[in-house]
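Report on the following structure.
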Amino acid sequence: MIVYRFNRPNVERGDLRQFLALYGPDSLPKGAPLLELMDCFMFSVKGWDDDPREIHLIPEIRRFFSAFHEAWPYWLYFCNMDVENFLSMIACCLRSVKTIEIDGSDKLAAAFDKAEVVNFLKADSGPMSEMCERAGLSERGIYDRTKAIYQFWGLPFDAEPPSIDQMRPAWRDVGPNDPCPCGSGKKFKRCCGRG
């Protein structure tokens, strides 16, 4: 897990230079090293610890994450979806976020316009796919990542998985003990190469 913390002065200035110097498209690796970064990033902001508001309700943070998204639209590839942080960051970029109190809890839930979320995800699928391809992820791996993102948001995902024929070109140079191009992490001979 890579935890990257933006401090308050940089957030208020919208300063992304240090982050982009480390993780901008020109600084990112290719192939397996990039593949290892998938689902590994968590972002936080420092300086609002005493603020009782949710992150997506703080105007400075909303502006910052919107600008961050414009400069680095690769979140769907890099962000770890197991953390609430992923939801908060994307909520900062949506116009239709509503906060709802949960009975018997001091936590708040966020409600979104599903159409706006779908449009956000569709717009970001291109940059995500660009990173997947750069990392050498197969069509099936891209499909599985996209499906996981839609499921995270509770949205239907009715696209058909790529057929074996669509994936075959990626298998031409795969040896039996190489990682399977489907992205499973198994050896090819124990996965898609079994048949």
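Structural remarks
- All of Pro33, Pro52, Pro73 fail the test of being open to solvent by 20 Å² or more (accessible area, probe 1.4 Å) and touching a Pro at 6+ places or on another chain (Cβ under 6 Å), apart from Pro73.
- Residues located in segment 111-133, provided they are within 17 Å of Lys98 (Cα to Cα), of a type in the set (A, V, I, L, M, F, W, C), assigned to a helix (DSSP H, G or I) and open to solvent by 40 Å² or more (accessible area, probe 1.4 Å): Ala115
- Taken over segment 79-89, the criterion of being touching an Asp or Glu at 6+ places or on another chain (Cβ under 9 Å) and modelled with pLDDT of 80 or more is satisfied by Cys79, Asn80, Met81, Ser88.
The values are calculated or read from the model by the stated rules, or taken from the named source; none is laboratory data. The structure presented is a predicted model; accordingly, all values stated were derived computationally and were not measured. In this analysis, Cβ positions are derived from the backbone assuming ideal geometry, glycine residues included, and neighbour counts consider all displayed protein chains. Just the protein is used for accessible areas: all its heavy atoms, side chains included, with ligands, DNA and RNA removed. Shrake-Rupley method; radii C 1.70, N 1.55, O 1.52, S 1.80 Å.
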